[in-house]
Amino acid sequence: MHPLARAVLAAPLALALAACSGSSKTSCPAGQTDCGGACVDLQSSTVHCGACLHACAAGAACTAGACACPAGQIACAGRCVDPATDAANCGGCGHACGPGTCAGGACACAAGASACPGANPECVDLQADPAHCGACDVACRQPAPDCAAGSCACSPPRTACGAACTDTRIDASNCGGCGNVCPLTNDVCLGGSCQCPDALPDVCPAAGSPQTCVSLAHDERNCGTCGHACAAGQTCVDGTCACPAGKVVCGTGSAAICTDPLSDPANCGTCGTACAPGTACSGGRCLCPVGAPLACGGSCCPGTGCCEAGTACQTAHDNGLGQTYYDCGALDEHTQAQAVLAAKAWSGTGMTYDGNTICGTFCLCRETGTQAAVWCYAGSPMKGLATVSNVGSCAIATCPFAGGVAWH
């Protein structure tokens, strides 16, 4: 390839590589500095004078890297001013002439203003300045903190009441005149007259005060009429007490409450219907926990049912082999029926044989194919004893003699 052609092709490639290098550093000519991507001369730039972003005051110039105001001017609050003529900085930064002009670095007061002496005399209006009222350095204080016509007083429409200035048109403690306190709780002073506000248009007696401003349409303590209090949880809507949606009032007087009869154990289904201990109210019915029958005689009972016509819980029995069974009989009766329940509690599957094993009559055996267990009941000399063996068959089960355990 011709050398010139190679150079033409190489130039764009070099530019692309430079763009992808990731460097943002600007290469500046000699005597200039990169300030945020711009090449500047720190010796003469008013924005970057001596250092990047070191700006000179408005009107100042940057010479040899230092800011300087024009001859006769000084920098004040970011700008160059002439202290000989600038009324806001007369004789020095921050010294304002007020109602006057600045000449030769001294304040010259305008008509109606007076010069009060000091390190830098200032011009003031002795007729209205509360720090120089009527004369220099005469300051107004309470109860007359304002200056009017050269005298300390309360500025209209305020009036001196005691040690303070107040507007008797709107002050409920001095309504229409000093010391005239509005008598009603919650009332306001409007136009110098005590009255209830628009949001509380009604008047009712109140404990501890003669009367109070209320809204009979919305006040839960005075709903519809004075003294008619809503039940706990109720709101007053247009003068009528109402419970939230899904709730009803139960109880009377101060004991009345809003409650949900579907879930309140003290008022389950209907007001006053209380659930027994241990039960819960769900869907307006008293229910026992899962695994227990319905309440028997006011209690949640384990087992399979209730005794004494549904008024008592079943008895919990120990079958001697680590399981529990339930019936309405007493402990240690050791009946045949109890032996059957004890065997079924031991194993829910298997065969039960009664009176035809090597243990003789009045003993019951249950086999599972891998184990056999025996319970002896009333009529057997081994009454109340149980045992289990790994023989798997009641035909060869070991009777519970000395090695038996008690079942109840």
For the chain, the dipole about the Cα centre with charges only on Cβ (Lys and Arg +1, Asp and Glu -1), to the nearest 20 debye, works out at 1140
A chain fully extended from residue 199 to residue 88 at 0.36 nm per residue, minus the present Cα-Cα distance, gains in nm 34.9 nm
Carbon/sulfur accessible area of the chain, % of total, 1.4 Å probe, equals 59
Quick numbers on segment 288-364, Rg and Dmax over C-alpha atoms in Å, give 14.4, 46
Using a 1.4 Å probe on heavy atoms of the protein chains only, the accessible area for residue 125 in Å², nearest 10, reads 60
Using the Kirkwood formula on alpha carbons, the hydrodynamic radius of segment 177-288 in angstrom works out to 16.5
Simple SL model, points at 7 angstrom along Cα→Cβ for residue 163 and residue 351; separation in nm is 10.8
In degrees, nearest 10, the alpha-carbon axis of helix 3-19 is tilted away from the dominant principal axis of the alpha carbons of the chain by 70
Computed over segment 49-126, the distribution of all Cα-Cα distances in 10 Å bins, rounded to whole %, is 21, 39, 22, 13, 4
Over segment 88-135, the quotient of the Cα radius of gyration and 2.2 N^0.38 Å is 1.06
At q = 0.17, 0.18 Å⁻¹, the log10 of I(q)/I(0) for segment 65-171 from a Debye sum over equal Cα scatterers comes to -0.79, -0.84
Nearest 10, in degrees from 0 to 90: the angle of helix 336-346 to the longest Cα principal axis of the chain is 40
Scattering profile of segment 164-210 from the Debye formula, Cα beads only, expressed as log10 I(q)/I(0) at q = 0.14, 0.29 Å⁻¹, is -0.33, -1.00
Taking max minus min of the Cα coordinates of segment 203-355 on each principal axis, largest first, gives extents in Å of 91, 26, 25
Of every Cα-Cα pair in segment 248-334, the percentage lying beyond 22 Å is 42
A correct Kirkwood calculation over the Cα atoms of segment 313-408 returns a hydrodynamic radius in Å of 12.7
Here the FRET efficiency for residue 280 versus residue 238, based on Cβ atoms and R0 = 56 Å and rounded to 0.05, is 0.95
A chain fully extended from residue 248 to residue 106 at 0.36 nm per residue, minus the present Cα-Cα distance, gains in nm 42.8 nm
Length gained, residue 32-residue 138, 0.36 nm per residue minus C-alpha separation, equals 32.2 nm
Expressed in Å to one decimal, the Kirkwood Rh of segment 125-229 from all distinct alpha-carbon pairs is 15.9
Ranked by GNM mean-square fluctuation in the chain (Cα springs under 10 Å), the top entry among 171, 219, 82 is 82
Cα extents of segment 315-356 per principal axis, largest first, Å, are 26, 20, 15
Asserting the computed 222 nm helical MRE of the chain (DSSP H runs at least 4 long, -39500 (n - 2.57) per run, divided by residue count, to nearest 500) equals -2000 deg cm²/dmol
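The values are calculated or read from the model by the stated rules, or taken from the named source; none is laboratory data. If you're wondering where the values come from, they're calculated on a predicted model, not measured in any experiment. Neighbour counts run over all protein chains shown; Cβ positions are idealised from the backbone, glycine included. Side chains included, ligands, DNA and RNA excluded: accessible areas come from the protein's heavy atoms. Shrake-Rupley method; radii C 1.70, N 1.55, O 1.52, S 1.80 Å.
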